[in-house]
1. Would you mind stating whether residue 145 is buried (at least 16 other Cβ atoms within 10 Å of the Cβ), over 16 Å from the mean Cα position of the chain (by Cα), at pLDDT 95 or above and not in a strand (DSSP E or B)?
2. Answer yes or no as to whether residue 107 is more than 18 Å from residue 51 (Cβ to Cβ), under 16 Å from the mean Cα position of the chain (by Cα), outside any strand (DSSP E or B) and in contact (Cβ under 8 Å) with a residue 24 or more places away in the chain.
3. Restricting to the range 247-257, give me the number of residues that are part of a loop (DSSP other than H, G, I, E, B) and in contact with a helix residue (DSSP H, G or I) (Cβ under 8 Å, 6 or more places away or on another chain).
4. Please go through (1) under 21 Å from residue 14 (Cβ atoms); (2) out of contact with any helix residue (DSSP H, G or I) (no Cβ under 8 Å at 6 or more places or on another chain); (3) not in a helix (DSSP H, G or I) for residue 51 and return the number of the only condition it doesn't satisfy.
5. What do you reckon, is residue 70 in a loop (DSSP other than H, G, I, E, B), within 27 Å of residue 274 (Cβ to Cβ) and modelled with pLDDT under 95?
6. Of the conditions (1) crowded, with 17+ Cβ neighbours inside 10 Å; (2) in contact with a helix residue (DSSP H, G or I) (Cβ under 7 Å, 6 or more places away or on another chain); (3) at pLDDT 95 or above, residue 97 satisfies every one except a single condition; which number is it?
7. Tell me, please, whether a residue that is out of contact with any helix residue (DSSP H, G or I) (no Cβ under 7 Å at 6 or more places or on another chain) and without any contact (Cβ under 8 Å) to a residue 12 or more places away in the chain can be found in the range 319-334.
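The values are calculated or read from the model by the stated rules, or taken from the named source; none is laboratory data. These numbers were taken from a predicted model, which means no experiment stands behind them. Cβ: placed from backbone, ideal geometry, glycine included. Neighbour counts: every protein chain shown.
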C-alpha cells in the first residue's frame, strides 16, 4: 500500500502554488470563510516575483501548477494577476517547466478583455455559482450577472468548472441543481458540490448530523441524474474515496496578500480565526523564509496516524480530516464531520464496486 500513498514531507515537495492576490471582494457571501479579513490589501509585485522566482526556478522539466483564488476575488486585481501569469510563463519557458495556471472567481468580473486573456493563455477557470437563482441570490447575490457570464463562456466553447457550496438552504436540492444546470447551461459538463464548513449555520450537533445525512443522500441522487444528463458531479470527499493518503490536506503552499506563507488556502488574513495556526513562513526582503519545522508541526495535527483515526474505516481515504474543520468545529461537531466522511466514502465505494473489482 505504501507505494500508492500520496506523501509530502516539506513545502519544497509541493507542486501547486496558491496566490491570494488581495482581500478585496464585491460580494458578501453568507458562508464566506474570509469575510473577517476584508481590506484593500493587495500582494506587491515584489512579493509576486520573489515567490515565482523560488517556485518556478527549481528543477528543469518539472510539472507545476499555479492557482489564483480568495481572500478576495483575484480578478479585482487583474493587473497583478496578468503580471504574475506573464512572469510565471516567462520563467517556465526559460527553465523548461510545464506550467498549468488556474483561477477561481465569483464570475461577476469576466469582461471580454479578461476572457480573451484567459483563453489566449489557456488558463483554467472555476466559477463559484450556486445554480438555483433563489439560492444564489440569498447566499451570494448577482445571479443574473454570473449566469449571463457563464452562458457566454460556455457558448464561446470555453471549458469551465463550476463549484457550488452546499448549505442547509440547498442541501436537499442537489438533483434539482444538476437539472437546472443542464437546462440553463446545456454545455456544462461538470460541477462540484462542496459541503459548507461553518459552525454558525448549525445550532447543535443533531442539526449538523441531519445536514450531513441529507447531503449524502442528495449528492448521490445528483450524481445519478448527472450521469443521465452527461454532467460529472463530484466533490472532495467523493474523490478522496478512491485514493490513499497520509493526510487529507497535503499541506499547501499559499501566499497571502501580506506575503505570509500558510498551509490552507482558506486562511488569508491575521484578522481571521485560526490564522496563526497555519502560518509557516513569509516573503521578506525579496526572499522566501520557510520554517520547515513549523510546517511539520502544522501538518502533524491532522494525519492518518492520529490516535482517534486508528480504527476508522475511512482512515486512509480521509487522512485525518481537514485541518481547518478540526479547528473550526468543536470536538462534538468534528465527530459528526468524521461520521459524514465515513458515510460518503462507503457510499462512493459501494456505488463504484463493479468498476473496482
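1. no
2. Details: more than 18 Å from residue 51 (Cβ to Cβ): yes; under 16 Å from the mean Cα position of the chain (by Cα): yes; outside any strand (DSSP E or B): yes; in contact (Cβ under 8 Å) with a residue 24 or more places away in the chain: yes.
The answer is yes for residue 107.
3. First, pick out the residues of the range 247-257 that are part of a loop (DSSP other than H, G, I, E, B): 247-252, 256-257.
Applying the additional criterion that residues be in contact with a helix residue (DSSP H, G or I) (Cβ under 8 Å, 6 or more places away or on another chain) yields 247-249, 251.
Selection size over the range 247-257: 4.
4. (3)
5. Working: in a loop (DSSP other than H, G, I, E, B): yes; within 27 Å of residue 274 (Cβ to Cβ): yes; modelled with pLDDT under 95: yes.
Yes, satisfied.
6. (3)
7. Yes, because at least one residue in the range 319-334 is out of contact with any helix residue (DSSP H, G or I) (no Cβ under 7 Å at 6 or more places or on another chain) and without any contact (Cβ under 8 Å) to a residue 12 or more places away in the chain.
Let's see how each residue does on (1) in a loop (DSSP other than H, G, I, E, B); (2) under 23 Å from residue 70 (Cα atoms):
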{"site": "103", "(1), (2)": "no, yes"}
{"site": "117", "(1), (2)": "no, yes"}
{"site": "158", "(1), (2)": "yes, yes"}
{"site": "161", "(1), (2)": "no, yes"}
{"site": "175", "(1), (2)": "no, no"}
{"site": "183", "(1), (2)": "no, no"}
{"site": "191", "(1), (2)": "no, yes"}
